[in-house]
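Readers should treat all values here as calculations from the given coordinates under stated rules, not as data from a laboratory. Quick caveat: nothing in here was measured; it's all calculated off a predicted structure. When we count neighbours, we look across all protein chains shown, and the Cβ atoms used for this are built from the backbone with ideal geometry, even at glycine.
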Amino acid sequence: MHIDKELDARGLNCPLPILKAKKALADLHSGQTLRVVSTDAGSVRDFQAFAKQTGNELLEQQTVGTDFIHVMRRR
């Protein structure tokens, strides 16, 4: 999968990963993708809710070790 922008949100707790993702998505064009890496377990649920509220598409979520990886496509 092609990723247009990556965001490292490791060590940040709610709501910072979402706020940083919102800012990063604003810099992207429609259809571009953002990959966010977080260590906050609550970010899994937060990104699902964020996608529903904003209309951005949550393409993928996965856990790798202590990292929670979220891939979103800008609406």
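Report yes if some residue within segment 52-64 is at negative phi and of a type in the set (Gly, Ala, Ser); otherwise report no. Write out each step before concluding.
Filtering segment 52-64 for residues at negative phi gives 52-54, 56-64.
Remaining after also requiring of a type in the set (Gly, Ala, Ser): none.
No, every residue in segment 52-64 fails to be at negative phi and of a type in the set (Gly, Ala, Ser).
Any chance segment 7-14 includes a residue that's out of contact with any strand residue (DSSP E or B) (no Cβ under 9 Å at 6 or more places or on another chain) and outside any loop (DSSP other than H, G, I, E, B)? Looking through segment 7-14, none of the residues is out of contact with any strand residue (DSSP E or B) (no Cβ under 9 Å at 6 or more places or on another chain) and outside any loop (DSSP other than H, G, I, E, B). For segment 17-30, the candidate set comprises residues that are surrounded by fewer than 16 Cβ atoms within 10 Å (Cβ to Cβ) and touching a residue at least 24 places away in the same chain (Cβ under 8 Å); within that set, the residue that is nearest to the chain's Cα centre (by Cα) is Lys22.
On the stretch given as segment 31-69, residues that are among the small types (Gly, Ala, Ser), touching a residue at least 24 places away in the same chain (Cβ under 8 Å) and either out of contact with any helix residue (DSSP H, G or I) (no Cβ under 8 Å at 6 or more places or on another chain) or surrounded by fewer than 19 Cβ atoms within 10 Å (Cβ to Cβ) (or both) total 3.
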